[in-house]
1. HIS175 accessible area, nearest 10 Å², 1.4 Å probe?
2. Where a ≥ b ≥ c are the square roots of the eigenvalues of the C-alpha gyration tensor, would you call the chain rounded, which needs a/c under 1.5, or, failing that, prolate if a/b is larger than b/c, or oblate?
3. Which of CYS136, TRP83, ILE177 sits closest to the plus end of the dipole of the range 74-217, meaning its Cα is farthest towards the positive end, when Lys and Arg get +1 and Asp and Glu get -1 on the C-beta?
4. Ordering SER345, SER316 by accessible area with a probe of 1.4 Å, largest first, what comes out?
5. Please identify which residues in the range 295-339 have an amide N closer than 20 Å to a label point set 7 Å out from the Cα of SER174, following the Cα→Cβ vector.
6. Give the total of Lys-Lys pairs in the chain with Cα-Cα distances below 26 Å; include a pair only if its members are 8 or more places apart or on different chains.
7. What ³J(HN,Hα) values, in whole Hz, does the Karplus curve 6.51 cos²θ - 1.76 cosθ + 1.60 give for the range 24-29 when θ = phi - 60°, with x put for Gly and Pro?
8. Can you give me the long-range amide H partners of GLY52? Hydrogens built in the peptide plane at 1.01 Å from N, cutoff under 5 Å, separation of 5 or more residues or another chain.
Amino acid sequence: MKLNANASLLKLNTLALDAHCLWLAEVEQVADLVTLRSDPELSLLPRLNLGGGSNVLFTSDFLGLVVLNRLKGIAAEDCGDHWLLHVAAGEDWHQLVRHTLQQGWFGLENLALIPGTVGAAPVQNIGAYGVELADCCAYVEAFNWHSGEVERIEAAQCRFGYRDSIFKHEYQDSHLITAVGFKLPKAWQPVLGYGPLAALGDAPSAQAIFDTVCATRMAKLPDPAVLGNAGSFFKNPLVPAVLAENLKSRYPQMPCYPAGEGQAKLAAGWLIDQCGLKGFAIGRAAVHQEQALVLVNLGGASAMELIALAAHVRDSVEQKFGVVLEHEVRFMGPQGETWLDEVLS
């Protein structure tokens, strides 16, 4: 384990915000977590579990311990009608998807090129092109900071929802994800209902889906190594079906998808685009020119510039459509997670 004081987080968050933490621990084995738990000074500090830093906005310096998850390892078990994968939380998500295709294990291809680590995937219940992590998750293993033990949490107990899970609520501070189990059926069926995948025909290969998803994402989304960003900044809003029908009558081209229980899902990027915000900037923070759902750091942007931009985008959409956007990116304050309205107040 590597432990550094007053460490920079600049290269550990894809928004490229220049923040620091009191302590940074780079964890490579579960035993390192036990060591951190038993340290009388570190155990009392606010704690942040960090993977690839692809979904976090540091609103300020973090006055606590950042635990950088670098646990590695992939194991697979043949369970007859499916493969069961046990993947350590520090593995890169996209490289895992690529690896499964190479091995002939299908089911993750729609989730290609999502930035971040495997351990971060259950927290947000990542999803794209009609597939969510919850669709293939068998279990999550997590270190319990209170007990000092690793617990296996079955998928049904993870409370997966739209970009949500128990790890954003009750388990946010008490658990650190160490591994994820994936159940990938051998009788694989492609999921083709979203975007460009519908044009692939009735029986495309998993590789063709993977290639299409990668090409689409690369065409729309900026590379964080070139232009700081956290991917999709806002969630696609769930609204009452009645409101969606009303908006659809006024904006026939508006993307709208059934979401069950009298709800519909709208495309946040489309709503933002209709407000004419592509390219709009506050200081060095801007709405991306090609994808309105992405807020970018043009270089040297401050946290407050990004926060002000997020507020302007949210308020613009609410004023035009009566729909309130919720940020998907997690805002991290000096003591822990916070929210846009809390930062602005």
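The values are calculated or read from the model by the stated rules, or taken from the named source; none is laboratory data. Source: prediction; values computed, not measured. Cβ: placed from backbone, ideal geometry, glycine included. Neighbour counts: every protein chain shown. When the accessible area is computed, the model is the full protein with side chains, heavy atoms only, and any ligands, DNA or RNA have been set aside. Shrake-Rupley method; radii C 1.70, N 1.55, O 1.52, S 1.80 Å.
1. Taking all protein chains as shown, HIS175 has close to 10 Å².
2. Working: a/c = 1.73, a/b = 1.11, b/c = 1.56.
Note, shape of the chain comes out oblate.
3. The listed residue farthest towards the positive side: CYS136.
4. Values: SER345 125, SER316 25 Å².
Sorted by accessible area, descending: SER345, SER316.
5. Under 20 Å, as judged by backbone N against the label point of SER174, lie 336-338 of the range 295-339.
6. 27
7. 10, 10, 9, 9, 10, 8
8. Hits under the 5 Å cutoff: THR117.
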